[in-house]
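Q: Quick one: the structure is below, questions incoming.
Only the coordinates and a few stated rules stand behind these numbers; no lab work does. Fair warning: this is a prediction, and the values are worked out from it, not measured in the lab. Cβ placement follows ideal geometry from the backbone for every residue including glycine, while neighbour counts extend to all protein chains displayed.
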Amino acid sequence: MQPKSHIVNLPVYQPGKPTEEVKREFGLTEVIKLASNENPYGASPRIKDAVLSEIENISIYPDGSATNLTTALSNHLGVDSNQIIFGCGSDEIIALITRAFFVPGDETIMADQTFSVYKSNADIEGALSIEVPLKNGTHDLDAMLAAINERTKIVWVCNPNNPTGTIVTENALITFLDAVPSHVLVVLDEAYCEFVTDSSYTDGITLLSKYPNIVVLRTFSKIYGLASLRIGYGVGSAEVIKLINQVREPFNTSRIAQVAAIAALEDQGFVDQCRTLNAQSIVYLQAEFDRLGLSYMPANGNFVMVDVRKPSGEVFQGLLRKGVIIRAGHQRYPSYIRVTVGTPEQNAVFIQSLEEVLHQVSAQV
Ligand SMILES: Cc1ncc(COP(=O)(O)O)c(C=O)c1O
């Protein structure tokens, strides 16, 4: 067999540990998963009826162009239908963009600690990832700009950034976009934008009319609570979206996901409520981290990067034994863990468990 040489040694993506696996492994009955930035409040109750009535049609292929959902989203965002593409999660849009744009030898620029799927897809297509160090946990847009050369095809800006939770401000983003050559595509990954409450943030949709070289990525997996249905989207100029559409599989989003996403969009009250609850829980978590003498990064999504001042892998294992799953092992931040903001009850269990684990782990970083 002769696979593409550059994929032979690629690692398989390691998702957050599933709850069932942790229950089995440690003989636990209660496990809290705060590892994958899912919505702890589930999804809008309106989704249930939409999903149940669509079950009648599951033997029929979905509408490959997701026409009804596209109309609903174009009304919601105030963009044209031909500026939108849906994917099996925004993960798939990332893959499609790399498939449409990269040939081996191209270069692409991203932060050195950001969502790993940009690099893994660039690797698959044989493109070279230039990883620019974050500055204080935030994208260093000046350094990213300086890294652009004639081989650069795409720059990825994750805003808010996963895992640090930091944002780039409107001013910084506009200065950057003004300077990026127009033939370079800028992907603004806004998977967590609906959680942001900081007024210095701007959302990429508002910038689309001025910058035809941007694609904004969004998802129904986070604040909308539809992670298992796998539906996300990209928004950009009609020209760029057409190119991405040309490499899309015919039926990449399911009927159930499409109707659920329409129902989710119709319930913006649920989104507002989740944003408020998330912000309140961040205040609680930060106060507890202050009490424990731990520093943390500004949290603009539904997760917090906190410096536990111990090897994060050991804290991860200690929490796992207590039935709390978080994320650790961030290369640039060996003493940080990333915890998803949960319900008030989950947050309290996490804090209590963390306090106990920090007393148990003696190793220093
Ligand atoms: C920054 C970021 N982008 C994209 C995604 C992919 O989300 P999905 O494929 O569920 O839409 C995630 C998931 O965690 C993420 O954190």
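Q: Considering the options C88, N9, L277, tell which one lies farthest towards the positive end of the dipole of the chain, charges being +1 on Lys and Arg and -1 on Asp and Glu at the Cβ, about the Cα centre.
A: N9
Q: Separate question: With a ≥ b ≥ c taken as the square roots of the eigenvalues of the C-alpha gyration tensor of region 1-139, please select rounded if a/c is under 1.5 and otherwise prolate if a/b is larger than b/c or oblate if it is not?
A: Oblate.
Q: For region 130-202, state which trypsin sites (Lys or Arg not before Pro) are in a DSSP loop and have at most 12 other beta carbons lying within 10 Å of their beta carbon. Before the final figure, lay out each step's value.
A: Working: sites: K135, R151, K153; in loops: R151.
Sites meeting the loop and neighbour criteria: R151.
Q: So, one more: Please work out the Kirkwood hydrodynamic radius for region 46-267, using every pair of different C-alpha atoms, and report it in angstroms with one decimal place. Intermediate results must be reported in sequence, preceding the final value.
A: Numbers: mean 1/r = 0.0563 Å⁻¹.
It is 17.8 Å.
Q: For a label point 7 angstrom out from the Cα of R291 toward its Cβ, which stretches of region 326-356 have the backbone nitrogen within less than 18 Å?
A: Within reach of a label on R291: 341-356.
Q: On to the next question. Taking the Cα centre as origin and putting +1 on Lys and Arg beta-carbons and -1 on Asp and Glu beta-carbons, what dipole magnitude results for the chain, to the nearest 20 debye? Please list the in-between numbers first.
A: Values: 28 positive and 40 negative charges, 128 e Å.
The dipole of the chain has a size of about 620 debye.
Q: Let me ask something additional. For T67, T152, what's the fewest-to-most ordering of other Cβ within 10 Å of each Cβ? Let's see the in-between values first.
A: Values: T67 11, T152 21.
Listing T67, T152 from fewest to most nearby Cβ atoms yields T67, T152.
Q: Using alpha carbon centroids, what distance separates region 18-41 and region 86-165, in Å?
A: With region 18-41 and region 86-165 each reduced to a Cα centre, they are spaced 30 Å.
Q: How many lysine pairs in region 46-267, separated by 8 or more positions in sequence or lying on different chains, have Cα atoms less than 29 Å apart?
A: The number of close lysine pairs in region 46-267 is 15.
Q: Kindly provide the helix-only [θ] at 222 nm of the chain, computed as the sum of -39,500 (n - 2.57) over DSSP H runs of four or more divided by all residues, to the nearest 500 deg cm²/dmol? If you can, show how the numbers build up before the last one.
A: Values: 12 runs with 136 residues, N = 365.
Taking each H run of at least 4 residues, the total per residue is -11500 deg cm²/dmol.
Q: Can you sort D189, D63 so the residue with the fewest Cβ neighbours within 10 Å comes first? Let's see the in-between values first.
A: Working: D189 29, D63 14.
Listing D189, D63 from fewest to most nearby Cβ atoms yields D63, D189.
Q: Moving on to the next point. Which percent, nearest 5, of DSSP beta bridges in the chain are antiparallel? Walk me through the numbers on the way to the answer.
A: Working: 17 of 36 bridges.
If we restrict to bridges inside the chain, about 45 percent are antiparallel.
Q: For region 102-171, which GluC sites (Glu not before Pro) are both in a DSSP coil and crowded by at most 13 other Cβ atoms within 10 Å?
A: On the way: sites: E107, E125, E131, E150, E170; in loops: E125, E150.
When the GluC sites (Glu not before Pro) of region 102-171 are filtered for loop state and at most 13 Cβ neighbours within 10 Å, E150 remain.
Q: Given axes a ≥ b ≥ c from the Cα gyration tensor, I'd like to know whether region 239-365 is rounded (a/c under 1.5), prolate (a/b larger than b/c) or oblate. Provide the component values of the computation, followed by the final result.
A: On the way: a/c = 2.55, a/b = 1.80, b/c = 1.42.
Prolate, because a/c is 1.5 or more and a/b exceeds b/c.
Q: Which is farthest toward the positive dipole end of the chain among G126, V22, C158, measuring Cα position about the Cα centre, with Cβ charges +1 (Lys, Arg) and -1 (Asp, Glu)?
A: Value: V22.
Q: Give me the net charge for the shell around A127: Cβ to Cβ below 12 angstrom, other residues only, Lys and Arg +1, Asp and Glu -1.
A: Values: positive: R99, K119, R151, K153; negative: D106, E107, D123, E125.
Neighbour charge sum, excluding A127 itself: 0.
Q: Once a ≥ b ≥ c are taken as the square roots of the eigenvalues of the Cα gyration tensor of region 110-191, is the result rounded (a/c under 1.5), prolate (a/b larger than b/c) or oblate (a/b not larger than b/c)? Don't skip to the answer; put the middle values down first.
A: On the way: a/c = 1.67, a/b = 1.10, b/c = 1.52.
It is oblate, given that a/c is not under 1.5 and a/b is not larger than b/c.
Q: Find how much the distance from A179 to S81 grows on full extension, using 0.36 nm per residue of separation minus their present alpha carbon separation; answer in nm with one decimal. Numbers along the way, then the final one.
A: Values: separation 98, 0.36 × 98 = 35.28 nm, distance 2.85 nm.
That pair, A179 and S81, stretches by 32.4 nm at full extension.
Q: Hey, another quick one. Mind checking region 186-267 for trypsin sites (Lys or Arg not before Pro) that DSSP puts in a loop (not H, G, I, E or B) and that have at most 16 other Cβ atoms within 10 Å? Mind showing how you got there, number by number?
A: Working: sites: K210, R218, K222, R230, K242, R248, R255; in loops: K210, K222, R230, R248.
Answer in residue order: K210.
Q: Additional query: Given an 8 Å cut-off on Cα distances and at least 6 residues of separation, report the relative contact order of the chain as a percent. Before the final figure, lay out each step's value.
A: Details: 672 pairs, mean separation 85.9, N = 365.
RCO, the chain: 24 percent.
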